[in-house]
Amino acid sequence: HPEVFSPPELMLLQFNTLSERLRRYSGARRFWLEGLQRGVMELEGISQGEAAALLTRFEEEGMHVPGLYDWLQRRLGGRLLVDKSPGYSQHVDNMRRAEAMFDGALYIHLQRHPLACIRSFEKARLDEVSNLDSHDFTRRELAEFNWLAGHENILAFLSEVPAERQTTLRFEDLVGDPEGEMRRICAFIGLDFHPGMLQPYEG
C-alpha cells in the first residue's frame, strides 16, 4: 500500500537503546539487525554500507529506541509505519512498551494454524537464532512453545487494549479471500483499499 511503510523485522521494542540492541544481537543473532538496516536503506535511498554507518553513529550517540522511531516516522512523509517483528510476542512487556510509546497504536493479531508455523520454524532452523538464552527444548518443542507462548502473550496484552484498536487476521482467511480481508484491514487502519495489497511479492 503506497501509504504504508512495512520494513522487515525491526526488533526494537525489547530495548531501551540501539547500543543495547547491538550487544544482544551478536554472533548467530546478528541476523536480527538486518531488518532495521534494510528499512533505513529503503527510506534514505542509500547503500547497505551507508545504512550501517548511519546506524553505527546512532548507536555510538546512545540513541534511545523512541528516538529512532521518531526518526523513522519523520522520514515517512505521512505514511503509516508497520512494525511486524515476531519476537515481540515472547514477552508481554515488549508489547506494553508499544502501548506506552505510541499514541493510539493499532494492533493486528495475525494467526495461523500451529502446524504450518511449527513446520516453518523447523525448516528455517529458527532455534539457532532464537532470543532465548539457554533451554533444553528440541527444535520441535521450541517451535511448539514459541507458537503457544506467543499467542498467549498476545492475548494477554490485547486484553488491556481497547477493542476498537485491535483486530485479528487469520492467515487461512487471508489466502481464501485476500481482497475481502485486505478491505477489512484497510477499514480498520483508516485507509482506502489499494490493489497492490493483493500482490505482496511485487516490489
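The values are calculated or read from the model by the stated rules, or taken from the named source; none is laboratory data. Since the structure is predicted, the reported quantities are computational estimates derived from the model, not experimental observations. Note that we place each Cβ from the backbone using ideal geometry, even for glycine, and neighbour counts take in every protein chain shown. Accessible surface is based on the protein model in full, side chains and every heavy atom, while ligands, DNA and RNA are left aside. Shrake-Rupley method; radii C 1.70, N 1.55, O 1.52, S 1.80 Å.
The set of residues from the range 1-40 being among the basic types (Lys, Arg), over 19 Å from Tyr69 (Cα atoms) and open to solvent by less than 60 Å² (accessible area, probe 1.4 Å) comprises just one member, Arg29. The single residue among Leu169, Leu155 that is modelled with pLDDT of 95 or more and either under 28 Å from Asn16 (Cβ atoms) or open to solvent by 60 Å² or more (accessible area, probe 1.4 Å) (or both) turns out to be Leu155. Is it the case, given these coordinates, that Arg57 is within 28 Å of Arg170 (Cβ to Cβ), of a type outside the set (Gly, Ala, Ser), open to solvent by 70 Å² or more (accessible area, probe 1.4 Å) and in a helix (DSSP H, G or I)? Spelling it out, it is not the case that Arg57 is within 28 Å of Arg170 (Cβ to Cβ), of a type outside the set (Gly, Ala, Ser), open to solvent by 70 Å² or more (accessible area, probe 1.4 Å) and in a helix (DSSP H, G or I).
Quick check on my filter: what residues within the range 1-47 are aromatic (Phe, Trp, Tyr) and either assigned to a helix (DSSP H, G or I) or free of Cβ contacts under 8 Å to residues at least 60 places away in the same chain (or both)? Selection gives Phe15, Tyr25, Phe31, Trp32.
For the range 67-91, a residue qualifies if it is over 16 Å from Pro7 (Cβ atoms), in contact with a Phe, Trp or Tyr (Cβ under 9 Å, 6 or more places away or on another chain) and surrounded by fewer than 17 Cβ atoms within 10 Å (Cβ to Cβ), and exactly one does: Gly67. Where in the range 65-147 are there helices (runs of 4 or more DSSP H), lying wholly inside it, with at least 3 residues that are touching a residue at least 24 places away in the same chain (Cβ under 8 Å) and under 16 Å from the mean Cα position of the chain (by Cα)? The qualifying helices (runs of 4 or more DSSP H) are 65-74, 92-101.
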